[in-house]
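The values are calculated or read from the model by the stated rules, or taken from the named source; none is laboratory data. Keep in mind the model is a prediction, meaning the values are calculated, not measured. Every residue, glycine as well, gets a Cβ built from its backbone with ideal geometry; the counts of neighbours run over all protein chains shown. In case anyone asks, the SASA skips ligands and DNA or RNA and just uses the protein heavy atoms, side chains included. Shrake-Rupley method; radii C 1.70, N 1.55, O 1.52, S 1.80 Å.
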Amino acid sequence: METLREEDLGQWRRTHYSAEVGPSMADREVVVMGWVSSVRDHGNIQFIIIKDLRGEVQVTAKKSEIGDGLFSLAQEVKEHSSIGVRGKVRPQEKAPTGAEIVPAEIRAFSIAKKAPPFMTQGKSSPVGIDTRLDLRAVDLRRNYLGSVFRIRQTVVNAVREFLARQQFMEVSTPKMIATATEGGAALFPIFYYDREAFLAQSPQLYKEQLTMAFESVFEIGPIFRAEPSRTNRHLSEATSIDVEQAFAGYGDAMSLLERMIVNIVDTVKERNASDLKFLEVQMPALELPFPKYSYSDLIDRLQEAGERIQWGDDISPQALKSLSDERMKGFYFIVDWPTSAKPFYVKPGSDPKVCESFDLMHGPLEMSSGSTRINRKDQLVERMQKQGLKPDAFDYHLRVFDYGVPPHAGFGLGLERLLMALVGIENIRDATFYPRDIDRLAP
């Protein structure tokens, strides 16, 4: 009796994806390929569900229809194996696409040797996240994560489309840098030939410089923060949507950001209806403009609520949870932060203790931070010195301010945190393909 064995692809070619196999194709021969998401054994009938990038298709192997030899091969098919099936299409209302494939030939390209320690169907997993992350490539076969990352793709595309309509240029900036972008110690040092360098905390200084030539720029790329945090909202390597615009202030940046968020939500609703339905997630109904709260007013309210917090302190997520404003459960801005709490490049306001800055929040979770930037060299040097930074280390940046840097403003928006807010993800590690944190450097 012939047994199912691994074979090379050879001359086999896929003719259709799962979503293309429907009842209108009755009696047509097709070749489908993918991985086996489930196998159901009903005695003399085997139901094999093959999943590919477009969805799932059902293969129905009935012993009386396909003969003993081929039926024996169908019985050997294991979940997670990569296979190809050649057969004829037959309408079947209960099948995922309204049709099934009656096999004439089955080929195994890679046979699964063991079952993973978690199921790939359904929305939840009974095992801990570390168990899943140890087998992340298999974990990503889960239907839940498939929907999450299809929504992620839509978000990224929506950002690019929206900013392109606003005449922004997409740029790429170095990820290996000579000095800290924002000061502080949250840096990953690396060996760069014969000297020390760092992984970039953000593209901030480069995108500011690029406004000189291109006015409006954006980048979607990795950022690296060496923060020893083990919370469900921190990553050591994250994806940031960074935007910078010349001849603009922080009010313009907030307006651009909130309109971009609304566009993202509308696009996800339009393009990911089936994913949202599977996840049982409803996109928020957003109204412009987003609510704005001044930092000083929030400090007063937090003190009245009994929080031990002083003007100049950061506002923690735990503290924000003590406020009862319904509008603070969605998207809102905290504006006009203390100058001392923000990086050196943030422009002070008419009161030098307060700067033209904002954080975009979703409930207690920070999504984005932005500001009007300083565009005069003397003011920038003064701010660096006040924060204990050495201007000489930033000579490559300061020198361009001798050549007419325009007034500008911008923001950085965390892609993974935005996904957490939109989809209701509990742990940020499920919003990125291969997470990096203080404990995980593999896979």
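So the values come out like this:
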item	result
Mean shadow area of the range 1-83 over all directions, Cα convex hull, nm²	5.8
Extension gain (nm, one decimal) between Asp325 and Glu170, 0.36 nm per residue minus Cα-Cα	52.1 nm
Accessible-area composition of the chain, carbon plus sulfur, in percent [1.4 Å probe]	49
Test item: Cα-centred dipole of the chain, Lys/Arg +1 and Asp/Glu -1 on Cβ, debye	840
Contour excess over end-to-end distance, with Cα ends at Ser340 and Ser38 and 0.36 nm allotted per residue	103.0 nm
Over the chain, relative contact order from alpha-carbon pairs under 8 Å, at least 6 apart, %	13
Centroid-to-centroid separation of the range 7-46 and the range 136-178 [C-alpha atoms, Å]	31
Across Lys292/Lys377; Lys62/Lys88; Lys292/Lys342; Lys175/Lys377; Lys88/Lys114, pairs whose alpha-carbon gap is larger than 20 Å	Lys292/Lys377; Lys175/Lys377; Lys88/Lys114
Under 19 Å from the Met212 label point (7 Å along Cα→beta-carbon), backbone N, the range 390-414	391-410
Euclidean distance of C-alpha centroids, the range 420-436 and the range 308-369, integer Å	23
Label point 7 Å beyond Cα of Ile309 along Cβ direction - residues of the range 334-349 with amide nitrogen under 14 Å	334-338
Stretch gain in nm, segment Leu365-Phe191, where the contour uses 0.36 nm per residue and the Cα spacing is subtracted	59.2 nm
Estimated D of the range 129-252 in µm² per second, where Rh is the Kirkwood radius over Cα pairs and Stokes-Einstein applies at 25 °C, 0.890 mPa s	145
For the chain: accessible area per residue (Å², 1.4 Å)	49
Computed helical MRE - 222 nm, the chain, DSSP H runs ≥ 4 contributing -39500 (n - 2.57), nearest 500	-8500 deg cm²/dmol
Two-site FRET efficiency, Gln11 against Asp439, from Cβ-Cβ distance with R₀ of 41 Å, rounded to 0.05	0.30
Reach of Lys269 by Cα under 25 Å, taken over lysines that are not fewer than 8 positions away in the same chain	Lys51, Lys123, Lys277, Lys329
Quotient of C-alpha Rg and 2.2 N^0.38 Å, computed over the chain	1.21
Using a Förster distance of 45 Å, the FRET efficiency for Arg399-Leu135 (Cβ separation, nearest 0.05)	0.35
Residue-level accessible surface for Leu73, protein heavy atoms, 1.4 Å, Å²	10
For the range 34-145, share of DSSP beta bridges that run antiparallel, in % to the nearest 5	95
